[in-house]
Structures are given as structure tokens and as C-alpha cells.
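For reference, the structure is listed below as C-alpha cells.
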Amino acid sequence: MGIRFCKDGNLILIEVEYEENIQLLMLQEEEPPPPPPPRGRRRAARKIQAWWRGQLVRRTLLHAALRAWVIQRWWRQTLVQLLQRKRREALVSFAIRERAVVKLQSLVRMWRVHWRYSQVLNAIYVIRCHWLSHNCQTCALLRGHCVVTATHLQFHIEITNP
């Protein structure tokens with residue numbers, strides 16, 4: 001086991017073999033860095049490094065642009081789906097309202113026709129009762145004709161002599 005540290009530019013290694021015996025060893029300095037390459041090679045290396053950094057930056061920008069495009073595409077698709085859902089809900093709501101209005105209109109028309117039919121039927125009963133109580137029962141015949149239209153109920157009564 002050893003401890004390494006640097007003092008006055010020298011690397012010192014302290015090894016502890018036993019607790020009583022501590023040795024101090026001086027290590028030699030590391031080798032100096034190699035001399036710089038010639039100037040032309042440095043320029044070429046800088047150009048290659050600059051080109052490579054440019055490639056990395058362009059690749060990073062391309063990936064960022066593709067991610068942004070994917071997110072934008074997803075968002076547009078989500079907006080289209082929301083718009084379609086709102087349109088469908090509006091159409092269903094409109095259809096339900098229209099169906100209710102048509103049903104209500106048909107019920108009102110049916111009630112009005114039934115009311116007019118009841119009026120005509122009551123009128124026929126009144127006429128018939130009066131006619132039956134009339135003295136000259138064999139003198140004439142009653143003929144009725146009924147026409148039902150969308151808005152009216154027409155009833156024609158003819159009194160004919162045989």
C-alpha cells in the first residue's frame with residue numbers, strides 16, 4: 001500500500017510495509033512532453049479538427065432539426081384529431097337537436113290532425129243525430145267524403161235524394 005503526492009515538482013511515493021518501518025522513496029519525474037510537431041503538420045491537424053468539429057456540429061443540428069420536425073408533426077396530427085373530434089361532436093349534437101325538433105313537430109302536427117278529426121267526428125255525430133230525429137228519414141241519404149292533407153282535414157257531407 002502506498003501514498004503518492006507531489007512536493008517541489010517531484011513525485012513522492014510513501015510505502016508502508018509495516019507499521020514500524022516507513023520508507024521514503026523519490027520517484028523520478030515523468031518524461032517531458034514530446035516536442036511539438038512541425039508547423040505545417042499543426043495547420044493540417046487544425047484543419048482536420050475544424051472539419052471534424054463542423055461535422056459534429058452539423059450532425060447535432062440535423063438531429064435536433066429532425067427531433068423538432070417529429071414533435072411538430074405529432075402536434076399537427078394531434079390538432080387535426082382534436083378538430084375532427086370537435087366536428088364529430090358538433091355534428092352529433094346537431095343531429096340530436098334536429099331529430100328532437102322533427103319529432104316535436106310531428107307530434108304537434110299529429111295532435112292538431114287528431115284534434116281536427118275529433119271536431120269533424122263530433123260534427124258528424126251531431127248532424128247524424130239531428131238527421132235521424134228528422135221526420136223524413138226515407139227522403140234523403142247522407143254521403144261523406146274525407147280528405148286528409150299535411151295541414152288540413154277536409155270532410156264533405158252530401159245529402160242526396162233517392
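Could you go through the stretch 37-46 and let me know if any residue there is open to solvent by 100 Å² or more (accessible area, probe 1.4 Å) and of a type outside the set (D, E, K, R).
Scanning the stretch 37-46, I find no residue that is open to solvent by 100 Å² or more (accessible area, probe 1.4 Å) and of a type outside the set (D, E, K, R), so the answer is no.
Of the residues Val126, Val113, Val101, only one is part of a helix (DSSP H, G or I), among the β-branched types (Val, Ile, Thr) and either exposed (fewer than 10 other Cβ atoms within 10 Å of the Cβ) or modelled with pLDDT of 95 or more (or both); which?
From the options Val126, Val113, Val101, the qualifying one is Val101.
Consider Arg143 against the criteria (1) at pLDDT below 90; (2) assigned to a helix (DSSP H, G or I): it satisfies all of them except one. Which criterion is unmet?
Status for Arg143: all satisfied but (2).
The values are calculated or read from the model by the stated rules, or taken from the named source; none is laboratory data. As the structure is a computational prediction, the values presented were derived from the model and not from experiment. All Cβ positions, glycine included, derive from the backbone under ideal geometry; neighbour counts span all protein chains shown. Heads up: the accessible areas ignore ligands, DNA and RNA and are worked out on the full protein's heavy atoms, side chains in. Shrake-Rupley method; radii C 1.70, N 1.55, O 1.52, S 1.80 Å.
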